[in-house]
Amino acid sequence: MADRPIDRAVTDKFGSERSGDAALARALSRARWSILWERLWPALATVATVIGLFLAVSWLGTWLMLPPVGRAIGLGVFFLLTAAAFAPLLMVRLPKHIDGLRRLDRNSRLPHRPATTIADGLAVDTNDSFAVTLWHAHVERALRAAKTLRAGLPAPKLA
């Protein structure tokens, strides 16, 4: 698959701007943000859980009931829990271009993967006029379908 930038308008051999590229770029941006949120939310929820647990223990007055050594141990445990909760946050990967395209194709439920088609390039020799014409027809059909590409809402699978 050719890895060309989608964010800029592309002109075909007739000189007309492919308006579907702009629609694809917007949909791709939404898809990548959704994927990022799906990856980020579980890590943030873990950190929020540890902070909430610390606040609950603090509001119960546990620190006042414990001797100084118990307070130090308790704070050390919460420090370790917080550090462990931040570890998944460091492992979050930014979604790649292909991740966004796959999500668009999956969520749009359209045949022939239009998002990937628009972002793709011709794999055969460009001297074959029949193949080039067929490819342009395929891409134009995908560009018409680009208006219906949906990134979908984030679904981090975390209650």
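The values are calculated or read from the model by the stated rules, or taken from the named source; none is laboratory data. What you are looking at is a predicted structure, and each value in this text was computed from that prediction instead of being measured. Here the Cβ positions follow ideal geometry from the backbone for every residue, glycine too, while neighbour counts run over all protein chains shown. For the accessible areas, the whole protein counts, side chains as well, though only heavy atoms, and no ligand, DNA or RNA atoms are used. Shrake-Rupley method; radii C 1.70, N 1.55, O 1.52, S 1.80 Å.
Cβ-Cβ contacts under 6 Å between residues 6 or more apart (or on different chains), taken from a first residue in segment 14-37 that is closer than 20 Å to Arg106 by Cβ and open to solvent by 20 Å² or more (accessible area, probe 1.4 Å) to a second residue that is modelled with pLDDT of 80 or more and part of a helix (DSSP H, G or I), are listed as Arg32/Gly100. Against the numbered list (1) open to solvent by 50 Å² or more (accessible area, probe 1.4 Å); (2) closer than 22 Å to Pro154 by Cα; (3) at pLDDT 80 or above, Leu60 comes up short only at (2). Pairing residues of segment 76-91 that are under 18 Å from Leu36 (Cβ atoms) with residues that are of a type in the set (Ser, Thr, Tyr) and in a helix (DSSP H, G or I), at Cβ distances under 7 Å and at least 6 apart in sequence or on separate chains, gives Pro88/Thr46.
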